[in-house]
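Written below as structure tokens is the structure these notes are about.
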Amino acid sequence: MEDSRQRGLSGGALKWIAAMSMFIDHFSAVVLLARFYYLRAWGTGLWSLNGYYVTRTIGRIAFPIYCFLICEGYRHTHSVRRYLLRLFLFALLSELPFDLAFQRRWFDMSSQNVFFTLAIGLCAIALWEWARRGREGQSLLLASIAAALGCAALCVAAQRLETDYGGLGVLLILVMWLLREHPLWRALAALAVFTAMWRFAGSSWIEIFALAAFAVIGCYNGERGGQKKYLFYIFYPTHLLTLVLIRTVFFPLPLK
């Protein structure tokens with residue numbers, strides 16, 4: 001009989017799903033929009049307005065999966081410090097491709113890439129666990145209050161830095177960690193966060209479709225799966241540069 005842990009999706013499979021979803025989303029945001037601005041008109045099929053919204057909707061599932069993988073990464077990493085260092089390193093390496101792709105500038109401080117959000121979210125998890133570790137009773141209560149205030153400060157920092165998904169993105173990572181043993185409540189809390197993104201943070205209504213990611217996450221079998229350690233780190237800046245190249249060749253909008 002097949003072992004139940006071999007069924008479902010491994011961590012490696014989740015990363016591939018998130019990466020492909022993200023690529024489709026960014027293709028839409030970087031190339032499809034460039035075509036519209038270059039030709040001053042939508043086309044048909046993939047190049048239509050409907051094609052744009054379909055691809056952006058598919059892309060919504062990427063971020064919640066990455067948030068979940070940050071939680072799993074914290075659970076299984078041998079060194080939180082090295083994990084954070086990798087995230088911040090690739091955040092810095094990805095900033096130029098991110099600015100070229102979404103701002104059409106070589107350098108722009110108006111928004112920062114998602115690696116910063118993931119890194120700050122990991123900091124929030126680590127802070128919460130460090131502050132509460134080994135405490136009981138009133139000491140645990142006071143530590144929890146202090147940790148909550150610290151995590152709120154991290155959310156504010158992400159918002160002020162204008163990282164991708166901002167403070168609400170950091171909050172989503174922390175919520176997914178705190179409710180990791182309660183899938184239904186985790187999804188409901190995520191719904192509240194995505195609704196807040198839509199209603200109060202200027203995001204599109206299609207953010208609600210990110211909830212579909214929890215059906216994918218629900219198939220996780222707890223296995224790491226086959227994966228190259230740095231492949232998915234490198235994929236982020238590489239795919240952005242690839243999309244910038246495609247845009248430059250076919251729809252050459254000037255840099256700002």
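The values are calculated or read from the model by the stated rules, or taken from the named source; none is laboratory data. Everything numeric in this text was worked out from a predicted model, so none of it was measured. Reconstructed Cβ throughout: ideal geometry from the backbone, glycine too, with neighbour counts over all protein chains shown.
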* Please verify whether region 164-172 includes one or more residues that are outside any loop (DSSP other than H, G, I, E, B) and at positive phi. => yes
* To do: Report the residue count in region 144-194 for those that are in contact with a Gly (Cβ under 8 Å, 6 or more places away or on another chain), free of Cβ contacts under 8 Å to residues at least 12 places away in the same chain and aliphatic (A, V, I, L, M).
  => 1
* **All positions within region 196-211 that are farther than 22 Å from residue 185 by Cβ, assigned to a helix (DSSP H, G or I) and without any contact (Cβ under 8 Å) to a residue 24 or more places away in the chain** => 205
* In region 124-139, the residues that are at pLDDT 90 or above, touching a helix residue (DSSP H, G or I) at 6+ places or on another chain (Cβ under 6 Å) and not small (Gly, Ala, Ser) -> 125, 127, 128, 132
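Can you find even one residue in region 102-111 that is acidic (Asp, Glu), within 25 Å of residue 232 (Cβ to Cβ) and at pLDDT 95 or above?
No, region 102-111 contains no residue that is acidic (Asp, Glu), within 25 Å of residue 232 (Cβ to Cβ) and at pLDDT 95 or above.
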* Within region 212-232, track down each residue that is in a helix (DSSP H, G or I) and at pLDDT below 95. => 231, 232
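What residue, of 180, 224, 199, is of a type in the set (D, E, K, R) and under 30 Å from residue 105 (Cβ atoms)?
199
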* To do: Could you please give the count of residues in region 176-190 that are out of contact with any Leu (no Cβ under 7 Å at 6 or more places or on another chain) and among the charged types (D, E, K, R)?
  => 2
* Just wondering, is there one or more residues in region 47-55 that are over 29 Å from residue 234 (Cα atoms), out of contact with any His (no Cβ under 6 Å at 6 or more places or on another chain) and in a helix (DSSP H, G or I)? -> yes
* Go through region 176-208 residue by residue and tally those that are closer than 18 Å to residue 127 by Cβ and surrounded by fewer than 18 Cβ atoms within 10 Å (Cβ to Cβ). => 3
* Say we look at region 209-256 and pick out the residues that are of a type in the set (Phe, Trp, Tyr) and within 19 Å of residue 37 (Cβ to Cβ); which of these is surrounded by the fewest Cβ atoms within 10 Å (Cβ to Cβ)? -> 250
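Looking only at residues that are assigned to a helix (DSSP H, G or I) and in contact with a helix residue (DSSP H, G or I) (Cβ under 7 Å, 6 or more places away or on another chain) in region 151-163, which one is surrounded by the most Cβ atoms within 10 Å (Cβ to Cβ)?
Top of the filtered list is 158.
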* So residue 125, is it surrounded by 18 or more Cβ atoms within 10 Å (Cβ to Cβ), of a type in the set (Val, Ile, Thr) and farther than 23 Å from residue 224 by Cβ -> no
* To do: Would you mind finding the one in 34, 41, 19 that is touching a residue at least 12 places away in the same chain (Cβ under 8 Å), surrounded by fewer than 19 Cβ atoms within 10 Å (Cβ to Cβ) and outside any strand (DSSP E or B)?
  => 19
* Would you be able to say whether some residue in region 100-110 is in a loop (DSSP other than H, G, I, E, B), hydroxyl-bearing (Ser, Thr, Tyr) and without any contact (Cβ under 8 Å) to a residue 60 or more places away in the chain? => yes
* To do: Say whether the condition of being surrounded by fewer than 15 Cβ atoms within 10 Å (Cβ to Cβ) and not in a helix (DSSP H, G or I) is met by at least one residue in region 135-150.
  => yes
